[in-house]
Ligand code: ADP
Ligand code: GLC
């Protein structure tokens with residue numbers, strides 16, 4: 001089977017969030033089961049800076065861009081998966097992030113940037129670039145690739161398409177004028193097409209036209225069929241329910257392994273936990289907190305946005321910091337949340353340490369050195385940090401939603417007795433429910449033997465990619481069989 005995996009970010013080349021982790025590791029896991037997998041990505045400046053061996057293999061003309069796009073060929077640094085880059089300096093060679101400028105504002109030409117990327121993917125998949133390779137299935141991810149299934153639906157002979165929703169809140173919405181400027185065929189307009197309340201919706205291209213739709217956890221696949229989580233698309237998702245399923249993300253167990261993580265000073269395993277305490281002391285020191293083994297240390301890593309419930313943490317701080325605990329937080333995101341966290345840290349120098357920024361190394365140290373991990377998300381399609389936490393014996397405190405509900409087992413009388421508990425789960429998205437869960441966690445922490453049992457159970461959970469990759473492979477076969485002419 002020829003698989004083309006289309007994505008707008010992939011670790012270790014370019015990353016804004018979990019999509020990059022998935023795009024870095026799923027194609028590699030697929031390749032172990034099926035030898036012909038290719039990844040296609042925009043040639044952002046940061047990506048070209050990180051690769052030395054690239055060569056131009058084709059050129060593709062697209063509407064709205066003067067020079068033809070160049071197709072570059074290379075390999076993914078860690079996994080050696082074959083890589084195509086869609087190169088157009090006018091679209092992708094800039095300072096800043098993949099979707100936004102250095103000030104954090106969306107690039108004004110995002111519609112053209114990702115429509116052009118999608119058109120190049122369609123040409124590559126259909127073997128119209130002279131490369132002698134035709135896809136059997138194109139696996140698209142998030143709104144940036146949404147036009148691929150839409151454009152392919154117009155072709156008489158086409159590969160099957162799978163569209164994965166990593167986050168339904170980001171939809172790629174632009175005015176009708178963008179639809180005209182992109183010279184998209186008129187028959188794609190309309191409520192049964194790319195139109196969303198008079199706007200152009202990239203994500204609808206995936207949801208309406210793909211042969212199969214997936215999300216990154218079974219619970220999120222259910223949730224998005226309801227108004228509360230559907231972002232206005234729940235009706236359409238109910239309509240396509242027979243083609244919608246959830247496949248839980250795995251994690252890259254080479255990069256996230258406490259026994260050999262190059263970012264952490266002390267390695268440890270479930271059998272030898274001493275290194276974890278050493279990491280805790282190193283983390284406290286690094287963040288300017290008093291190094292103390294006996295005080296429960298909570299970690300938080302992630303995008304500082306409404307989705308992640310960072311405001312709930314901030315609101316709960318008076319209750320949380322009234323207890324003898326420490327918290328370390330790392331992230332970037334909404335300016336007000338960043339500012340509120342920083343302000344709280346200056347008021348509680350000995351209990352709360354905040355690092356605003358992006359640091360892979362510190363993210364690993366926080367996972368390794370913390371006792372508990374805070375992730376009170378309002379919604380969470382899958383979430384990777386709670387899974388990294390489990391692997392590092394850092395027990396997560398999470399809200400019961402999406403992938404958090406699918407990966408963390410709440411410590412209640414029954415699960416504690418059965419030895420299956422791995423964390424602390426609460427239901428309502430409010431500060432008191434979060435603080436209640438933290439209280440429960442602290443009560444458990446006070447019993448070291450019971451705590452260690454939970455840590456070992458958490459560390460023994462299997463979140464490797466093999467299982468999910470074989471589910472995707474089955475789904476690709478199904479999509480090929482179900483493909484509408
Ligand atoms: P999302 O994709 O919604 O942001 P995930 O939990 O799926 O959430 O993935 C987030 C990924 O990004 C994780 O690998 C996490 O470690 C990483 N990450 C997020 N913020 C930062 C940061 N400030 N520094 C380092 N890594 C970060
Ligand atoms: C999105 C989601 C996150 C998920 C990630 C990878 O960014 O917010 O929950 O883990 O995609 O699928």
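Where a number appears in this text, it was derived from the coordinates with a stated rule and is not lab data. Just so it is clear, the structure is predicted and the values come from calculations on it, not from any experiment. Every residue, glycine as well, gets a Cβ built from its backbone with ideal geometry; the counts of neighbours run over all protein chains shown.
Note on the stretch 205-222 and the stretch 423-461: Cα centroid distance 32 Å, given to the nearest whole angstrom. Highest mean first, the peptides 11-24, 215-228, 48-61 sorted by other C-beta atoms within 10 Å per residue fall in the order 11-24, 215-228, 48-61. With neighbours defined as other Cβ atoms within 10 Å of a residue's Cβ, the residues 252, 447 order from fewest to most as 447, 252. What is the stretch 135-187 by shape, rounded, prolate or oblate, if you read a ≥ b ≥ c off the alpha carbon gyration tensor as root eigenvalues and call it rounded for a/c under 1.5, prolate for a/b larger than b/c, and oblate otherwise? Cα axes put the stretch 135-187 in the oblate bin. Compared with the dominant Cα axis of the chain, that is its longest principal axis, helix 448-459 is turned about 10°. Sorting 168-181, 316-329 by their mean Cβ neighbour count within 10 Å, with the most densely packed peptide first, gives 316-329, 168-181. Rounded, prolate or oblate: which fits the stretch 1-143 when a ≥ b ≥ c are the square roots of the eigenvalues of the alpha-carbon gyration tensor, with rounded for a/c under 1.5 and prolate only if a/b beats b/c? It comes out oblate by the Cα gyration axes. Listed from fewest to most Cβ neighbours within 10 Å, the set 36, 474 follows the order 474, 36. Rounded to the nearest 10 degrees, the inclination of helix 18-33 to the longest alpha-carbon principal axis of the chain is 70 degrees. Per the helix-only calculation at 222 nm, which mean residue ellipticity applies to the chain, given -39500 (n - 2.57) for every DSSP H run of n ≥ 4 and division by its residues, nearest 500 deg cm²/dmol? Calculated at 222 nm, the ellipticity per residue is -11500 deg cm²/dmol.
Could you give the angle, 0 to 90 degrees to the nearest 10, between helix 360-369's Cα long axis and the longest principal axis of the Cα atoms of the chain? With both axes taken from Cα atoms, the answer is about 40 degrees. Quick check: the distance between the Cα centres of the stretch 244-264 and the stretch 60-116, to the nearest angstrom? The two parts, judged by their Cα centres, are 27 Å apart. Once you have a ≥ b ≥ c as the square roots of the Cα gyration tensor eigenvalues for the stretch 357-470, tell me rounded if a/c is under 1.5, and otherwise prolate or oblate according to whether a/b is larger than b/c. Verdict is rounded for the stretch 357-470. Under the criterion of Cα pairs below 8 Å and six or more residues apart, the relative contact order for the chain equals 13 percent.
Fully extending the segment from residue 240 to residue 134 would add 35.4 nm, taking 0.36 nm per residue of separation and subtracting the current Cα-Cα distance.
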